[in-house]
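The values are calculated or read from the model by the stated rules, or taken from the named source; none is laboratory data. Only a predicted model underlies this, so the values are computations on that prediction, with no experimental measurement involved. Note: ideal-geometry Cβ built from the backbone for every residue, glycine included; neighbour counts use all protein chains shown. Surface accessibility is based on the protein's heavy atoms, side chains included, excluding ligands, DNA and RNA. Shrake-Rupley method; radii C 1.70, N 1.55, O 1.52, S 1.80 Å.
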Amino acid sequence: MWQFGCMTLTMPLPALLEQKMGPQNAKLHFAVGAFAAEEVTLGQAAEIAGISQTEFMRELSRRRIPLHYEREEFAEDLITIAKLNEQLDHARHQ
């Protein structure tokens, strides 16, 4: 049984598979699959797996699964970077 925020998921696995994988590894596999299918975001997948986003990105890289990074996300990131630069410039001049 896995707890995801307010949702609990129970997924029976064959005994040998459950013994081989363990709950943490099963959560990681589920999270990777959901991310690869574009069902969840990177942050959501990392949360499901119970690891940091950086660790999750390393796992994706190890499995040669590309990040989903669309043009819109890139544009949003550029805006965020510009705002942070403005804040830093403002703080330096005070």
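Restricted to the stretch 57-77, and to residues there that are open to solvent by less than 90 Å² (accessible area, probe 1.4 Å) and outside any loop (DSSP other than H, G, I, E, B), the residue that is modelled with the lowest pLDDT is GLU73.
Of the residues making up the stretch 18-37, those that are over 16 Å from THR8 (Cα atoms), at pLDDT below 90 and open to solvent by 50 Å² or more (accessible area, probe 1.4 Å) are GLU18, GLN19, LYS20, ASN25.
Would you mind stating whether GLU70 is more than 30 Å from LEU9 (Cβ to Cβ) and either out of contact with any Ser or Thr (no Cβ under 6 Å at 6 or more places or on another chain) or hydroxyl-bearing (Ser, Thr, Tyr) (or both)? Outline the logic, then answer.
Details: more than 30 Å from LEU9 (Cβ to Cβ): no; either out of contact with any Ser or Thr (no Cβ under 6 Å at 6 or more places or on another chain) or hydroxyl-bearing (Ser, Thr, Tyr) (or both): yes.
In short, no.
Please determine, by comparing only the residues of the stretch 38-51 that are closer than 19 Å to GLU73 by Cα and part of a helix (DSSP H, G or I), which one is most open to solvent (accessible area, probe 1.4 Å). Quick ask: steps written out before the conclusion?
Residues of the stretch 38-51 that are closer than 19 Å to GLU73 by Cα, as a first pass: 38-46.
With the extra rule that they be part of a helix (DSSP H, G or I), the set shrinks to 42-46.
On the way: LEU42: 36, GLY43: 26, GLN44: 89, ALA45: 0, ALA46: 2 Å².
Per the criteria, the residue is GLN44.
Would you call THR54 within 27 Å of THR8 (Cα to Cα), modelled with pLDDT of 90 or more, in a helix (DSSP H, G or I) and among the polar types (S, T, N, Q)? Steps first, please.
Values: within 27 Å of THR8 (Cα to Cα): yes; modelled with pLDDT of 90 or more: yes; in a helix (DSSP H, G or I): yes; among the polar types (S, T, N, Q): yes.
Answer is yes for this residue.
For beta carbons closer than 9 Å, sequence separation of 6+ or different chains, a first residue in the stretch 64-80 that is within 22 Å of ALA36 (Cα to Cα) and a second that is among the acidic types (Asp, Glu) and open to solvent by 100 Å² or more (accessible area, probe 1.4 Å), the qualifying pairs are HIS68/GLU38.
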